[in-house]
Structure formats: structure tokens, C-alpha cells
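Worksheet for the structure shown next.
Just so it is clear, none of the values below were taken in a lab; they were calculated from the coordinates. These figures come from a predicted structure and were not determined experimentally. Using ideal geometry, Cβ is built from the backbone for each residue, glycine included, and neighbour counts are taken over all protein chains shown.
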Amino acid sequence: MNDKDILQRFLFENAPVRGELVHLNESYQAIIQQHPYSPLIRQLLGEALAVACLLSAIIKVNGRLTVQFRGKGKLKLLLAQCDHQSNLRGIVQCEGELTQGELLEAQQQGVLAIMIDPDVPNAKRYQGIVAWHGASLTQAIEGYFMQSEQLPTRLWLAVNETSAAGLLLQVLPKEKPELFRNDWEHLLLLTETLTPQELLQLDHATLLHRLYSQEDVRLFAQMPMMFCCTCSVQRSENAILVLGQEEAEQELKDKQKIVVTCEFCNKEYDFDRVDVMAIFKKGGQAPGSTQVH
């Protein structure tokens, strides 16, 4: 097992608080290498990937969890996805280079969403949307849980050139925070001593012992994380249907074939005139969803 790409749950035996730890190495590198992202954008994408992993473990649904930001400024799209099989992918769409100040301004002009797509026929998508609050993705996600779920939740994220990591603490659902406020605040004080270097470099067992040496903590089994794209021939055919027959025919006239390139993994799907005619002949209406595939 690649012990550099793992997620682990943990639980405090004497306090109604749960936690998650994630470390991404090869999966993170595989994703950021798909596009020439700036260091600032790589950091933001690494944070979003870590968040998607942490939230997918908490929500526990057979399907896919998406952390998505859409903005009107230079930062158009930030998207990170993790499914119940621990497959990861992510992408950022940005216009030009961004400074830290421009990034913060762009974030505050957009909307953050947490979406769950169950892997069940005809199941409805869950979508929670909030305006971006705070100066970081960490603060925005914490604000989301306070507004949407009303669960005290804290996040610590760290990203460097090769890895992305995260730690999440959350009050167990159905518990009453006022009954154990001192326990929660005590655990937060301990966790605030965590440094980015520790989060990125220490194995999970060592990290938990260093933070909570006087606490009774149960660490669960490792779950391997990996980069895996869900693009396919069928999804590419759907993209051509969305394009429309008239525009598809014009594209064929100019280039003799249509190439659909996956934005996540850069894999190319080629369709010649015969292929395109077959796509439209099969009928089928273009999908009504505008969901990123």
C-alpha cells in the first residue's frame, strides 16, 4: 500500500468528537501536473482535494462528493471530487495569474458548494450552497458547517510542492455542544499547536500521539486514496450532443474530426464523421444537467 496517500478516521473515547486525517502525495502530484498551475493555484487545489477527502469520509455515501467554487472574477472554477471508492480528481479554471490579494477578492465574489451525487439510479443530488466567508478555504468550509449543518467543525490544511494534508475535528452529530463545551475547547487548544510541517511530514499515529498524548484516541484503519478520472466515451458523446448537430458538422468540415479532451486528465477522445453521425442517429436528447462530468 502507498502510505503516502491515505485517509484515516479517529475518535476520542472520552469526548463526543471525531476526526479525520488525510495525506496526499502521488495522487496530488498526478492532479496538479495535468495543467500548468501557478504555485498559488496548486496550493488552493491541494487544499480543496484534502477537504473533499475529509468530507467524503464523514458523510459516508455511496457516490461522489464535490467541493466546488464558482466565481465571477479571475477565479472561475475550483472543483475537487472524491467518491466512495477513494478516487480523487480536481481542476481549477483561472484567467491569468493571480496574486494572493486578487485570489481573496475573487473568492469573496463567488459561491462555495458541497454536492453529493449518490451512486443510485434516480437518486437526487444534495447541494449545499453558501457565500464564501473568511480569508481561506478552511474558514469557508468551517462556516459552511456552522450555517448548513450546525455542527462545530474545525479544519487544518497544509500544502507544499509535493503533498497536501488535512486534519478535521467535528462534534458528533446529535450531541449537544453545551454539554461538553470544555472538552471541545480543550481539544481545539491542543490541535492549535499543530504546525504545517508536522501535518505534512508525520505519520498519523505519531501525529495524534504528539497532539493528544494524554487523551484516549482510537485510530481506525488506513484507506488508500488515488487519482482516477471518470471520463469515458459515453460522456464524450454526450458532450458532442450538447454541442449540437449543426456545430458538430461545422467542426467536422473544418477539421475532419472532433476531439473531446477531458479537462481533468487530458485524455483525448476522437470522433470522425461516421462516429458523429452515429451519435446523433442514436437519438437521445442532450443531457439536461450542466454538471461537470
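Trypsin sites (Lys or Arg not before Pro), restricted to the range 112-176: which are DSSP loop and have at most 13 other Cβ atoms within 10 Å? Before the final figure, lay out the partial values.
Values: sites: LYS124, ARG125, ARG154, LYS174; in loops: LYS124, ARG125, LYS174.
In loop regions of the range 112-176 (DSSP not H, G, I, E or B), the sparsely surrounded trypsin sites (Lys or Arg not before Pro) are LYS124, ARG125, LYS174.
Shown here is the pair-distance distribution of the range 1-48: with all Cα-Cα distances grouped in 5 Å bins from zero up to the longest one, the shares run 5, 18, 22, 16, 14, 12, 8, 5, 2, 0 percent.
Going 7 Å from the Cα of GLN93 in the Cα-to-Cβ direction, what parts of the range 234-274 have a backbone nitrogen less than 11 Å from that spot? 263, by backbone N distance to the label point. If you find the alpha carbon centre of the range 81-95 and of the range 97-152, how far apart are they in angstrom? When both Cα centres are located, 14 Å separates them.
Restricting attention to the chain, the count of lysine pairs at 8 or more positions apart or across chains with alpha carbons under 25 Å apart stands at 16.
Peptides 245-258, 80-93 ranked from most to least packed by the mean count of surrounding Cβ atoms within 10 Å: 80-93, 245-258.
Modelled spin labels at GLN33 and ASP203, positioned 7 Å past Cα toward Cβ, are 2.5 nm from each other. Once the Cα atoms are used to define both axes, helix 39-59 deviates from the longest principal axis of the chain by about 70 degrees. By the rule of a second cysteine Cβ within less than 4.7 angstrom, the chain holds isolated cysteines at CYS53, CYS82, CYS94, CYS228. Using just its DSSP H runs of length 4 or more, each adding -39500 (n - 2.57), the chain gives a mean residue ellipticity at 222 nm of -10000 deg cm²/dmol after division by all residues.
Note on the range 1-133: Cα-only Rg and Dmax are 15.7, 50 Å. At the listed q of 0.10, 0.19, 0.20, 0.25 Å⁻¹, the Debye profile of the range 180-276, built from one uniform point per Cα, gives log10 I(q)/I(0) equal to -0.57, -0.95, -1.01, -1.26.
In a simple Cβ point-charge model (Lys, Arg +1; Asp, Glu -1; nothing else charged), the chain has a dipole of about 640 debye relative to its Cα centre.
Among 14-23, 126-135, how do they line up by average Cβ neighbours within 10 Å per residue, starting with the highest? Before the final figure, lay out each step's value.
On the way: 14-23: 21.8, 126-135: 14.7.
Per-residue Cβ counts within 10 Å, averaged per peptide and sorted highest first, yield 14-23, 126-135.
Set against the labelled values (i) 20.7, 66; (ii) 20.3, 62; (iii) 21.1, 71, Rg and Dmax of the Cα atoms in Å computed from this structure falls on (iii). The label point for GLN100 and the one for THR193, both projected 7 Å from the Cα toward the Cβ, are 2.7 nm apart. Fully extending the segment from LYS253 to ALA123 would add 42.8 nm, taking 0.36 nm per residue of separation and subtracting the current Cα-Cα distance. Put a dot 7 Å past the Cα of THR162, heading toward its Cβ, do the same for HIS84, and the two dots end up 3.5 nm apart.
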